[in-house]
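Beneath this line is the structure, given in structure tokens, with notes to follow.
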Amino acid sequence: MFLHRQTLQHQAKPDQPDAVYARKLQEVLGGQYGEITVAMQYAFQSWNAHLPGKYRDLLFGIGTEEFGHVEILATMIAQLLEKAPVGVTEGAMQDDPTVAAVIGGTDIQHAIVAGAGARPVDSMGNPWSGSYITASGNLLADFTANANAEMQGRVQVARLYHMTDDTGVRDLLGFLLARDTMHQNQWLAAAAELRAEGVEELPVPSNFPLRHEDRDVAYQYINFSDGAHASEGSWASGPTPDGKGEFTYVAEPPQGVPMPPPTHPDVRFYGTTEVPNVVEKAAGTVQDALGKE
């Protein structure tokens, strides 16, 4: 059950309207690594969690906080748009530079669709997509993905911080940066704790029998580039992070194996093959008549 409290976690009040910056801010609301994504990601991970206790409670708590961040950003975007010009023009000319800026630099659907409000889209107007979220049911895989999401999101918020000198906006972004700092650290800590407690281990999934994989290549760094410096990394020699092997370096890819011949699907897919069209047409007619796949 969700209960909405009509307060914000942090103030969302800009010094002045800025419709162009409102569009920029949409990226960290509805973009791939925006607040809608992490809110939905942590929520679905919590609903898909099979392990009761602290890890699921962590997901419930942070997921709910992220829904609050969606609300904060939507509120800030609405504040930035509150007194934006409507965009009235005289003929085809944009005589007023303010109007020209609105037409040229804002998300026009902020006005037409949302009536000077936020939208579940990124800074280019692309709708938020559920395909952005990761919720696999494997906590080590999910917590690692969560750390990446917070890192990518924090990079974007940090860039946005330098794109405005509005003290009210910077105040909010400073708060969100701090929470991203916490969330990066918490997911890394949670992933490490899963491993320390033996709940999950590398490689993910850790309970898949290693005997079923080709262990000869499991720890090889195969150099598929003509650059040579990758051999200097810790991933090319020494113990592996999962503690189950030693890295080796292969300077050039092996020769490989021959390609199989081209496939020949059912003729009723109408793929182009070397078989004469008249033959394929006849085969399809016969198959239809016999009701065969």
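The figures follow:
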quantity: Total charge dipole magnitude, region 1-64, about the Cα centre, Cβ charges on Lys, Arg, Asp, Glu only, Debye to nearest 20; calculated: 160
quantity: 27 Å Cα cut-off, lysine pairs counted over the chain (separation 8 or more, or different chains); calculated: 4
quantity: Between 0 and 90°, nearest 10: helix 167-196 axis offset from the chain longest Cα axis; calculated: 30
quantity: Most mobile of 171, 107, 214 in a GNM of the chain (Cα contacts under 10 Å); calculated: 214
quantity: 5 angstrom amide H check on residue 121, placed H, neighbours 5+ away; calculated: 30, 128
quantity: Long-range amide H partners of residue 249 with built H, under 5 Å; calculated: 221
quantity: Fluctuation leader among 182, 124, 259 - the chain, Gaussian network, Cα springs under 10 angstrom; calculated: 259
quantity: Additional length obtainable on full extension of the chain from residue 8 to residue 126, 0.36 nm per residue less Cα span; calculated: 39.8 nm
quantity: Cα lying deepest toward the dipole's positive end in region 145-265, options 231, 155, 205, charges on Cβ; calculated: 155
quantity: Å² per residue, accessible surface of the chain at 1.4 Å; calculated: 61
quantity: Whole-Hz couplings from phi, Karplus 6.51/-1.76/1.60, listed for region 237-247; x for Gly and Pro; calculated: 7, x, x, 7, x, 7, x, 10, x, 10, 5
quantity: In order through region 281-293: 3J(HN,Hα) via Karplus (6.51 cos²θ - 1.76 cosθ + 1.60), integer Hz, x for Gly, Pro; calculated: 4, 5, 4, x, 4, 5, 4, 4, 5, 8, x, 10, 7
quantity: Integer Hz, Karplus 6.51/-1.76/1.60 couplings in order for region 36-49, x for Gly and Pro; calculated: 4, 4, 5, 4, 6, 4, 5, 5, 5, 5, 5, 6, 8, 5
quantity: Rounded percent of accessible protein surface that carbon and sulfur make up, the chain, 1.4 Å probe; calculated: 58
quantity: The chain: angle of helix 54-81 to the longest principal axis, Cα-based, in degrees nearest 10; calculated: 50
quantity: Equivalent ellipsoid dimensions for region 134-174 as semi-axes, Å, which come from the Cα gyration tensor, largest first; calculated: 30, 8, 6
quantity: GNM top mover of 229, 162, 50 - the chain, alpha-carbon springs below 10 Å; calculated: 229
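The values are calculated or read from the model by the stated rules, or taken from the named source; none is laboratory data. Here the structure is a predicted model, which is why all the values come from computation and not from measurement. For neighbour counting, all protein chains shown are included, and Cβ atoms are generated from backbone atoms with ideal geometry for every residue, glycine included. Areas reflect the complete protein model, heavy atoms only, side chains present, ligands, DNA and RNA absent. Shrake-Rupley method; radii C 1.70, N 1.55, O 1.52, S 1.80 Å.
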